[in-house]
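Working notes, beginning with the structure itself.
The values are calculated or read from the model by the stated rules, or taken from the named source; none is laboratory data. This one's a predicted model, so the numbers in the text were calculated from it and none came from an experiment. Glycine also receives a Cβ, built like all others from the backbone with ideal geometry; neighbour counts cover every protein chain displayed. All accessible areas refer to the heavy atoms of the entire protein, side chains included, with ligands and DNA or RNA removed. Shrake-Rupley method; radii C 1.70, N 1.55, O 1.52, S 1.80 Å.
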Amino acid sequence: MRIGVFVCHCGTNIDGTVDSHQVAEEAKKFPHVVYATDYLYTCSEPGQQEIQQAVGEHDLDGVVVAACSPRMHENTFRRTIERAGLNRYMFEMANIREHCSWIGEDREANTHKAIELVRMAVAKVANHVHLHPSYFEVNKRVLVIGAGVAGMQAALDCADGGLDVVLVEKKSSIGGRMAQLDKTFPTVDCSICILGPKMVDVGQHEKIKLCTYSEIEDISGYVGNYTVNIRRKATYVDWGKCTGCGLCMEKCPSKKAYDYHNEGIADTTAINISFPQAIPKKATIDPEYCRQFTKGKCGVCAKVCPLGAIDYEMEDEIVAEEVGAIIVATGYGLLNMEELGEYGAGRYPDVITGIQYERFLNASGPTQGHVVRPSDGEEPKRVVFISCAGSRDASLDRPYCSNFCCMYIAKQAILTRDHIPDSEVYVFYMDTRSPSKGYEEFIRRAQEEYGVQYVRGRVSRIYPKGKRMVVRGADTLLGTQVEVETDLVVLATAATCAPEAEELAEKLRISYDEYGFYMESHPKLRPVETNTSGVFLAGACQGPKDIPAAVGQGSAAASKVLSLFSKDQLESDPQIAQVMELRCVGCLKCADTCPFQAIEEKELPDGRVVGHVIETVCQGCGLCTSICPSGAIQLQQCTDNQLIAEVEALCQAWRERSSG
Amino acid sequence: MSSRKVAEALGIELVEVEDWSCCGSTPAHTVDHLLYGALAARNLAIAEKMGLATVVTPCPSCLVAFKSALEMVQDDGKRKELNELLDLPFQGEIQSKSLLQIIYEEVGVEAVAQRAKRPLEGMRLAPYYGCILTRPPKRAQFDDPENPITMDRILEALGAEVPEFPFKTECCGAAFGLPKRELVLTLSAKILEMAQEIGADALVVACPLCQQNLDLRQGQITSREGVSVDLPVLYITQLVGLALGFSPREVGLDKHAVSPNRLLKKWEEKLKE
Ligand SMILES: Cc1cc2nc3c(=O)[nH]c(=O)nc-3n(C[C@H](O)[C@H](O)[C@H](O)COP(=O)(O)OP(=O)(O)OC[C@H]3O[C@@H](n4cnc5c(N)ncnc54)[C@H](O)[C@@H]3O)c2cc1C
Ligand code: SF4
Ligand code: SF4
C-alpha cells in the first residue's frame, strides 16, 4: 500500500500548539507512507489540489489527512481523492485539532500526540478495502408534523414544488399559536388576516393531505422509505358529513368545557369548533366534558345535527402512510404559571399570561377585543408586564432566553394604550432584546410614542391589595425598590418545548437538548437538518423563535426536501455492519442490541439461522459489533482488525521508544 | 417546650446533643465564614459521634448553619480547614432537617391528623414560613421556595382554615433588630398587616426568631409605623400540640406578648358546638 499523509496547520489553530511540519516529517518514516507534507489550509482549493496532484505523482492508493474533526471535512476530502481517481473510502482523518491542538498548550506534548494520531490513522488505512455505495429508490412524498405557521409554510412549499404532502396536526385545526395571536410585531398587522389565507391554501391544496386531530404513533424505515403510523383520534363527529354549521355548539348543554384556543379565559361547549376560522371547520367532542360520556346520557347534538354526523361510538384509527422525508414543526409550549411562586403560582385571577392577554386583545376573542380583568370584568386602568417570567432563570433550570417575549410585550403594551387610551402601562424588564429588522425602533415607539414606562429590574413578588395587585420589584437604574399598584399583571411566561416533544424525538430518532428542543445537525451550517438523514426541522421546535424566523425555516426545510428528492435514487453509506455468515452462531444478540432494528434473521440454504444487516436501515453505530460473541458482525472500515492495527502501531512505537 | 411535647406525641425520639454550643447563626456568619462553619460543624460532629442520623432543629437559622457546614465539608480544602479548628473530626455524614420537615415528611400529614384529639376548627391561620426556611432552594431542599405549602397542609389537616397568605416568604427583618431597628419595624409591619387584612386570627411561624420578633415588636410597630397590629404569633408545634390534646399552658401559650386568648376562646366555643 502507498499512503500519502497531509498535515494541516489550520492557520494557527493547529500549528499554534502543534509543530505540523514535524508531524509530516515523522509521518514519512511510518510503514506504507511514501509521501508526507504539511500545508497552511489543506481544505482550501490549493490544499485539495496538492492532494490530487500527489495521488497521481506518487501513485498513492490511500490518503490520511491530519486536520480537524471528520465531522467538518471528511466528505470534502473523500470527494478530493475521488476526483484523483481513488476509491473515496481509502481515506482516514486524524483529528489533530479538536482532539489535540485545541485542548493542550504544551507544544511538545501536542506534537507528540499528533504524531501518534497520524500513526494510528496510517495503520488503519493500510487495512482499508474499497467500498461501494449501493443505490435505492426514493418515495417522493413528505410528512410534515405540526401545522403551525412553520409547518404550513413547509407543506405549501413542498406541495408547490410538486410533492405529495401529508400534514399531521395534533389539534383539530391547523394554524398553531399564530392563530391565537391578535396582532403581530413589528408591523402590528392582524395575525389571522395574514395567516387565514395561508390556512385556506393549505386546506385546499390538492397535493396536501390534512390529518388534523392526529398524532404520530410510530415511525419505521429510513431516508427515502419511511412508514409512518398515524393515530387519527376519535372526534366523535363524522367529518365527512359535518359542514361546520355550528348548530350543535348552540344546543350543547355542557357549556363549561375548557377552551384551549382561548387559553381558559372563557369556556366553550363540549362539542365545539375551536375558532371561527378553523381549517378544517369541523366539530369535535371533548369527552372529558360531554354528558354522553360523563353521565352516559344526553345525545342533544346527535338530535340537532341536520346531517347526522355525530357518532359517539367512534374510535381512534391508525392509518399508515409511506413517505421519503419528514419535516418536524411541532412548535413550542409555555411554562405553567404554577412554577412561578413569587408571581402567585397561578393563584391570582388578575395575574395572567401573555398568550391569555392576546385572547383578550383579539377582536374574535371571548371579550371581542375589550381588555377586562378576569376577577371582576372591569377595564384595567393600569397594566404591568413582567418579562422573562421563568426564562433566563437558572433557579428554574431554564437559563435560555425565550426569544420573542420582549417584542410581544412591546406589542401588547402599545395595543393596551390603543384600546384604553387613559391607561398606564409598565414593563419590568432585565434588558430588551430586539435585534431583528425594525425591532429596536418598535420598542422605542412603545416607550416614546406610547409612553410605556419601562422599569429595569426583576419583580420579587406580586400580592393582592384590596381589588388590585401590588407588584414589588427593583428599579436597578435608580437603585431602589419599587411597588406598583395595578389592576392587571401580564407574565411573559417562558417558551418551553412542545408537550411530549421528547417522546416524538424518540420515535423520530433525533436528538434534543436538555430542555426538549430538537437539535439541528450543525448550529450554523446545517440549521434545519437533523442527524437522522431525511428528517428536517422547522420553527420553534428547534428553539423559541418568532414568526419570520419560523417561516424562514419552514421554507428552508422544504427546499432541503426538494433537493433531496431531486434524485430518483439515493446512495447508501457502505460503512455499515456486515455479518460474516461463516462465523455467525445465530444467537441474534446483535438484533436485540441494534437501536435501529437493522438486523433481521436469515435462514441459510443449509437451514442454519444467521443475522443479516438491512443495508439501508443500519446507521453504522457499531453497537452490535461489541456484543457479538464470535466477532462475526463487523463494521466496514472499522473492523476489529483495523482497530487492532491502530493499537498495534501505537504499542510498536512505544516499544521502540522505550528500547531505544 | 411545644416541640418536645409534639415530637414525643408523634413518636419522634429527640436526643439532646451533648455539650452543644451555639450554631454560629447570623453573628458568626457576618464575621467569618470558616468560624461560622466550624461552630455548626462542632455540634454536628458531636452528634455524629453519638451515632445519630439526623440533627433536628426548630430554628431555620440553625438549619442554614448546619447545612452550610455540611456543604463546606464536601470540599476537601474546606474540610481540612474546618477540622483544624475542631477537636472532633467532622465527617459530614449526618443530615440536618427542620422539625417541620420531619413532621411533614417522616410522620406525614395524615398520621398527624389521625392523632388529633381536638381539631383546630374555627381558627383562621396565616402560615408564615419566613425568608430562609425554603431558600436558597439548592441548600434548603425542602418545599417550594416561593410558595411553600407544608404548614398549610398540616394546619388544614388539623381542621384549621388556612387562607391564601401572600407574604409567606417575606423577610421579617429579625436579624436586623440591633443594627437597623427601623427596617425591622417596616418589614414586620407589612407581614402583620397583611395577615390581619386577610382576616387571620393568628400568624403561624416556623422560626423562633420570627416568633419573638413579630410577637414582641407589635407595640413598637403600632406606635411608630402608624398601623395598628394586634395579632398572636404562634410557633407551628404549639398549634399541632393543641390539636394533639395538650393544654395551652403545656405548649407555652401563656408566655406570649400578644395574648392568644381570643383565638383560644373562639376555638373552645367552636369545639363545644
Ligand atoms: C403571547 C405571544 C405573542 C406572540 N406574538 C408574536 C408576534 O407578534 N410576532 C411574532 O413574530 N411572533 C409572536 N409570537 C411567537 C409565535 O407564536 C411563534 O413564532 C410561532 O407560533 C412559531 O410557529 P411554529 O409553527 O414554529 O410553532 P407553533 O405555532 O407552536 O405550531 C406548532 C404546531 O404543531 C402542533 N403540534 C405540536 N406537537 C405536535 C405533535 N406531537 N404532533 C402533531 N402536531 C403537533 C401544535 O398543535 C401546533 O399547531 C408570540 C408568542 C406568544 C407566546
Ligand atoms: S425575549 Fe426578552 S422577555 Fe423573553 S426571555 Fe428573552 S429577554 Fe426575557
Ligand atoms: S452497526 Fe448499529 S445500526 Fe448497524 S446493525 Fe449494528 S447496531 Fe445496528
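According to the square roots a ≥ b ≥ c of the eigenvalues of the Cα gyration tensor, what is the shape class of the protein assembly as shown, taking rounded for a/c under 1.5, prolate for a/b larger than b/c otherwise, and oblate for the remainder?
Numbers: a/c = 2.07, a/b = 1.40, b/c = 1.48.
Oblate, since a/c reaches 1.5 and b/c is not below a/b.
Please compute, over every Cα-Cα pair in segment A:247-304, the percentage with a separation greater than 16 angstrom.
Details: 622 of 1653 pairs.
Roughly 38 percent, rounded to a whole number.
Please report, for the Cα atoms of segment A:3-133, the Rg to one decimal and the Dmax as a whole number; what are they, in angstrom?
13.3, 42
Only four residue types carry charge here, +1 at the Cβ of Lys and Arg and -1 at the Cβ of Asp and Glu. Report the dipole size of segment A:438-565 about the Cα centre in Debye, rounded to the nearest 20. Walk me through the numbers before you get to the answer.
Working: 15 positive and 17 negative charges, 39 e Å.
Value, rounded to 20: 180 debye.
Hey, any idea what % of the protein assembly as shown's accessible area is carbon plus sulfur with a 1.4 Å probe?
Values: 21170 of 41920 Å².
Roughly 50 percent of what the probe reaches on the protein assembly as shown is carbon or sulfur.
In the protein assembly as shown, what % of DSSP beta bridges are antiparallel (nearest 5)?
Details: 54 of 115 bridges.
Here the antiparallel bridges make up roughly 45 percent for the protein assembly as shown.
Is there a simple number for the mean count of other chain Cβ atoms within 10 Å of the Cβ of residues in B:193-201, and what is it? Walk me through the intermediate numbers first.
Details: counts 0, 3, 0, 0, 3, 1, 0, 0, 0.
That average works out to 1.
So which lysines pass the test for B:Lys270, namely a Cα distance under 19 Å, with those fewer than 8 places away in the same chain ruled out?
B:Lys117
For chain B, just say rounded, prolate or oblate: build the C-alpha gyration tensor, square-root its eigenvalues into a ≥ b ≥ c, call rounded for a/c under 1.5, and beyond that prolate if a/b exceeds b/c, oblate if not. Before the final figure, lay out each step's value.
Details: a/c = 2.18, a/b = 1.43, b/c = 1.53.
Cα axes put chain B in the oblate bin.
Placing +1 at every Lys and Arg Cβ and -1 at every Asp and Glu Cβ, with all other atoms neutral, what dipole size does the protein assembly as shown have around its Cα centre, in debye to the nearest 20? Before the final figure, lay out each step's value.
Values: 98 positive and 127 negative charges, 408 e Å.
That gives a dipole near 1960 debye.
Between A:Leu334 and residues 5 or more places away or on another chain, which pairs have amide H atoms under 5 Å apart, with H built 1.01 Å from N, and which residues are they?
Here A:Thr496 satisfy the definition.
Restricting attention to segment A:584-631, which GluC sites (Glu not before Pro) occupy a DSSP loop and are surrounded by at most 14 other Cβ atoms within 10 Å? Before the final figure, lay out the partial values.
Values: sites: A:Glu600, A:Glu601, A:Glu603, A:Glu615; in loops: A:Glu615.
Sparse-neighbourhood loop GluC sites (Glu not before Pro): none present.
Which Cα, out of A:Ser387, A:Thr486, A:Val138, lies furthest along the positive dipole direction of chain A (beta carbon charges, K/R +1, D/E -1)?
A:Thr486
In deg cm²/dmol, rounded to 500, what helix-only [θ] at 222 nm does chain A give when every DSSP H run of at least 4 residues adds -39500 (n - 2.57) and the total is split over its residues?
Numbers: 17 runs with 183 residues, N = 660.
Dividing the helical sum by the residues of chain A leaves -8500 deg cm²/dmol.
Can you give the relative contact order of segment A:333-496 as a percent, counting alpha carbon pairs under 8 Å and 6+ residues apart?
Working: 316 pairs, mean separation 49.9, N = 164.
Once normalised by length, the contact order is 30 percent.
Compute the helix-to-body angle for A:191-204: its Cα long axis versus the longest principal axis of chain A, expressed 0 to 90° and rounded to tens.
Helix A:191-204 sits roughly 60 degrees off the main axis of chain A.
Let me know the mean shielding of B:140-150 by other chains, meaning the per-residue number of their Cβ atoms within 10 Å of its Cβ.
Working: counts 0, 0, 0, 1, 4, 3, 10, 10, 1, 2, 0.
The shielding value for this peptide is 3.
Need one number: the % of Cα-Cα pairs in segment A:333-496 sitting beyond the 18 Å mark.
On the way: 7612 of 13366 pairs.
Beyond 18 Å sits 57 percent of the P(r) for segment A:333-496.
Among rounded, prolate and oblate, which fits segment B:40-178 when a ≥ b ≥ c are the square roots of the eigenvalues of its C-alpha gyration tensor, a/c under 1.5 means rounded, and a/b larger than b/c means prolate? It would help to have the intermediate numbers written out before the result.
Numbers: a/c = 2.86, a/b = 1.81, b/c = 1.58.
Note, shape of segment B:40-178 comes out prolate.
I want the local charge near A:Glu116. Using Cβ-Cβ distances under 12 Å, sum +1 for each Lys or Arg and -1 for each Asp or Glu among the other residues.
Numbers: positive: A:Lys113, A:Arg119, A:Arg657; negative: A:Glu26, A:Glu646.
Here the count lands on +1.
Please sort A:591-598, B:219-226 by packing, taking for each peptide the average over its residues of neighbouring beta carbons within 10 angstrom, highest first. Don't skip to the end; give the middle numbers.
Values: A:591-598: 16.1, B:219-226: 14.4.
Put in order of decreasing packing, that is A:591-598, B:219-226.
Can you give the relative contact order of segment A:581-660 as a percent, counting alpha carbon pairs under 8 Å and 6+ residues apart? Can you show the working numbers first?
Values: 84 pairs, mean separation 22.1, N = 80.
The value is 28 percent.
I'd like to compare A:151-158, B:158-165: which one has the highest average count of other Cβ atoms within 10 Å, and what's the full order after that? Could the numbers behind the result be given before it?
Values: A:151-158: 28.9, B:158-165: 19.2.
Highest to lowest by the protection proxy: A:151-158, B:158-165.
In chain A, if the dipole is taken from +1 on Lys/Arg beta carbons and -1 on Asp/Glu beta carbons about the Cα centre, which of A:Thr625, A:Thr593, A:Pro399 is farthest to the positive end?
Positive-most Cα among the choices belongs to A:Pro399.
Skipping prolines and chain starts, which residues have an amide H placed within reach, meaning under 5 Å, of the one on A:Gly221, given they are 5 or more residues away or on another chain?
A:Thr227
Counting Lys and Arg as +1 and Asp and Glu as -1, what is the net charge of the other residues whose Cβ lies under 14 Å from the Cβ of A:Ser460? Mind showing how you got there, number by number?
Details: positive: A:Arg458, A:Arg461, A:Arg472, B:Arg135, B:Lys168, B:Lys190; negative: A:Glu342, A:Asp393, A:Asp475, A:Glu483, B:Glu146, B:Glu170.
Charge balance near A:Ser460 sits at 0.
Between helix B:60-72 and chain B, what is the angle of the helix's C-alpha long axis to the longest principal axis, kept within 0 to 90° and rounded to the nearest 10?
Between the helix axis and the principal axis of chain B, the angle is about 20 degrees.
Assign unit charges at the C-beta atoms only (+1 for Lys and Arg, -1 for Asp and Glu), then state the dipole size of segment B:183-232 relative to its Cα centre in Debye, rounded to the nearest 20.
The calculation lands at about 200 debye.
For segment A:75-109, which GluC sites (Glu not before Pro) are in a loop by DSSP, counting at most 12 other Cβ atoms within 10 Å?
Values: sites: A:Glu82, A:Glu92, A:Glu98, A:Glu105, A:Glu108; in loops: A:Glu105.
Sparse-neighbourhood loop GluC sites (Glu not before Pro): A:Glu105.
If we sort A:342-349, A:322-329, B:178-185 on the protection proxy, mean other Cβ atoms within 10 Å, highest first, what's the order?
So the order, starting with the most tightly packed, is A:322-329, A:342-349, B:178-185.
Using modelled backbone amide H atoms (1.01 Å from N, in-plane), which distant-in-sequence or interchain residues come within less than 5 Å of A:Ala577's amide H?
A:Gly620, A:Gln636
Pick out, from B:Ile132, B:Asn213, B:Ala111, the residue whose Cα sits farthest towards the positive end of the charge dipole of chain B, with +1 on the Cβ of Lys and Arg and -1 on the Cβ of Asp and Glu.
B:Asn213
DSSP loop (so not H, G, I, E, B), at most 16 other Cβ within 10 Å: list which chymotrypsin sites (Phe, Trp or Tyr not before Pro) in segment A:429-493 pass both filters. Could the numbers behind the result be given before it?
Values: sites: A:Tyr429, A:Tyr439, A:Phe442, A:Tyr450, A:Tyr454; in loops: A:Tyr450.
Listed in order of number, the matching sites are A:Tyr450.
Excluding B:Glu170 itself, calculate the net charge of residues whose Cβ lies under 9 Å from the Cβ of B:Glu170, where each Lys or Arg counts +1 and each Asp or Glu counts -1. All intermediate terms of the calculation are to be shown ahead of the outcome.
Values: positive: A:Arg461, B:Lys168, B:Lys190; negative: none.
Value of the local net charge: +3.
When only Cα pairs under 8 Å and 6 or more residues apart are kept, what is the percent relative contact order across chain A?
Details: 1403 pairs, mean separation 83.9, N = 660.
Relative contact order, chain A: 13 percent.
Cα-Cα over 28 Å: which of A:Lys281/A:Lys411; B:Lys67/B:Lys266; A:Lys209/A:Lys560; A:Lys171/A:Lys567; A:Lys233/A:Lys567; A:Lys170/A:Lys207? Before the final figure, lay out each step's value.
Values: A:Lys281/A:Lys411 30 Å; B:Lys67/B:Lys266 40 Å; A:Lys209/A:Lys560 20 Å; A:Lys171/A:Lys567 34 Å; A:Lys233/A:Lys567 35 Å; A:Lys170/A:Lys207 20 Å.
Over 28 Å Cα-Cα: A:Lys281/A:Lys411; B:Lys67/B:Lys266; A:Lys171/A:Lys567; A:Lys233/A:Lys567.
Using alpha carbons only, how many degrees (0 to 90, rounded to 10) separate the axis of helix A:547-564 from the longest principal axis of chain A?
40 degrees
Using the Karplus curve 6.51 cos²θ - 1.76 cosθ + 1.60 with θ = phi - 60°, work out ³J(HN,Hα) for each residue of segment A:82-90 in order, rounded to whole Hz, and write x for Gly and Pro.
Values, residue by residue: 5, 4, 7, x, 8, 5, 6, 8, 8 Hz.
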